[in-house]
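Following: one structure in structure tokens, then a few remarks.
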Amino acid sequence: MSVPHATYTHGHHESVVRSHAWRTAANSAAYLLPHLRPGMTLLDVGCGPGTITADLAAAVAPGAVTAVDSDGGIVAQAARSAAPTVTWQVGDVHHLPYPDGTFDVVHAHQVLQHLADPVDALTAMRRLSAPGGLVAARDADYAAFVWHPHVPALDDWLALYRRVTRANGGEPDAGRRLLSWARQAGFGDVTAGSSTWCFATPADRAWWSSTWATRITSSTLADQALAYGHATRADLDRMADGWREWGMAEDAWFTVVHGEILCRA
Ligand SMILES: C[S@@+](CC[C@H](N)C(=O)[O-])C[C@H]1O[C@@H](n2cnc3c(N)ncnc32)[C@H](O)[C@@H]1O
């Protein structure tokens, strides 16, 4: 059966990959780490630049780790820079060629939010996990993001991001829906929670604001916003200025809310 296709909103512009490569298992998969044991086999779906994958591989070593992403360029980049022990492969979560029950753990970080049929993806991840194994997923929930000080251009940035992602077939407010999606995918034993990233130190706010100031003007997101007629170049420049204004505020604080699920297969 064919699965509806979504367009990946962020793309793999240097500013996006730089942001994704900041991620570690400690800051993005802490809910999963206590469940990992040496020797487990693990599949990381939508691995991007693979920094989280590399940490997960260290946690299950000498267990075999496979990482897949639908974008061949980012898979090649991950294979060059992260964890030579990982098998890096191009693949679509909806059509992975592995036999049923191959992996003790199947993980996806910030992937389901970009799919038109996240329930089908979770069903596929369930098929690939061994009996008693784990499926783990964590996704952002954009409507739940909070920040200070109030910068009107950031309200417009958030509205634009959510509009473009929905036009692409994804769900920007995925975090709150993960438990529901897991139930629809047939999981009976699900632990659902949440966790955040918080950017409030001078270094963190400078980094977070500068990556978004670039992303909103130069990445695939910017191209799509313009192509769909959801923003003008002047709108994007104003949002980038808003990000710089926020980043320069001495009391700036930004929290990224995520939902997360641990599902027992
Ligand atoms: C937001 S990035 C997350 C990357 C990585 N998991 C991380 O958190 O750093 C989402 C990734 O999912 C990939 N992706 C999108 N749709 C996919 C699909 N259908 N199957 C596999 N990967 C997909 C994208 O190419 C992108 O690299």
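Every number in this text was worked out from the coordinates using simple rules, so none of it is lab data. Since this is a predicted model, take the numbers as computed values, not measurements. All Cβ positions, even for glycine, are placed from backbone atoms using ideal geometry, and neighbour counts span all protein chains on display.
Matching residues to (1) in contact (Cβ under 8 Å) with a residue 24 or more places away in the chain; (2) more than 25 Å from A21 (Cα to Cα):
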| site | (1), (2) |
| --- | --- |
| D156 | yes, yes |
| G175 | yes, no |
| S180 | no, yes |
| R183 | no, yes |
| A200 | yes, no |
| R205 | yes, no |
| A225 | yes, no |
| Y228 | yes, yes |
| L236 | no, no |
Give me the helices (runs of 4 or more DSSP H) completely within segment 160-265, filtered to those with at least 2 residues that are touching a strand residue (DSSP E or B) at 6+ places or on another chain (Cβ under 7 Å) and surrounded by 20 or more Cβ atoms within 10 Å (Cβ to Cβ), ordered by residue number. 178-184, 202-218
Return the pair list, or none, for Cβ contacts closer than 8 Å from residues in segment 16-44 that are surrounded by fewer than 17 Cβ atoms within 10 Å (Cβ to Cβ) to residues that are hydroxyl-bearing (S, T, Y), at least 6 apart or on different chains. R18/T211; W22/T51; T24/T51; A30/S195
State yes or no: is G101 within 13 Å of the ligand (Cβ to nearest atom), surrounded by fewer than 17 Cβ atoms within 10 Å (Cβ to Cβ) and not aliphatic (A, V, I, L, M)? no
Enumeration of residues in segment 135-183 that are of a type in the set (F, W, Y) and in contact with an Asp or Glu (Cβ under 7 Å, 6 or more places away or on another chain): Y142
Pairs, first within 7 Å of S129 (Cα to Cα) in segment 96-114, second of a type in the set (S, T, Y), C-beta under 6 Å, six or more apart: F103/T41; F103/S129; D104/T41; V106/S129
For A124, which of the numbered conditions (1) in a helix (DSSP H, G or I); (2) touching a Leu at 6+ places or on another chain (Cβ under 7 Å); (3) closer than 24 Å to L226 by Cα fails to hold? (3)
Look at segment 212-245 and say how many of its residues are farther than 21 Å from H13 by Cα and in contact with a Leu (Cβ under 6 Å, 6 or more places away or on another chain). 0
For segment 4-33, give me each residue that is more than 9 Å from the ligand (Cβ to nearest atom) and of a type in the set (D, E, K, R). E14, R18
Restricting to segment 145-154, name every residue that is exposed (fewer than 13 other Cβ atoms within 10 Å of the Cβ) and within 16 Å of V256 (Cβ to Cβ). V146
Name the single residue that is surrounded by the most Cβ atoms within 10 Å (Cβ to Cβ) among those in segment 45-59 being in contact with a helix residue (DSSP H, G or I) (Cβ under 6 Å, 6 or more places away or on another chain) and not aliphatic (A, V, I, L, M). C47
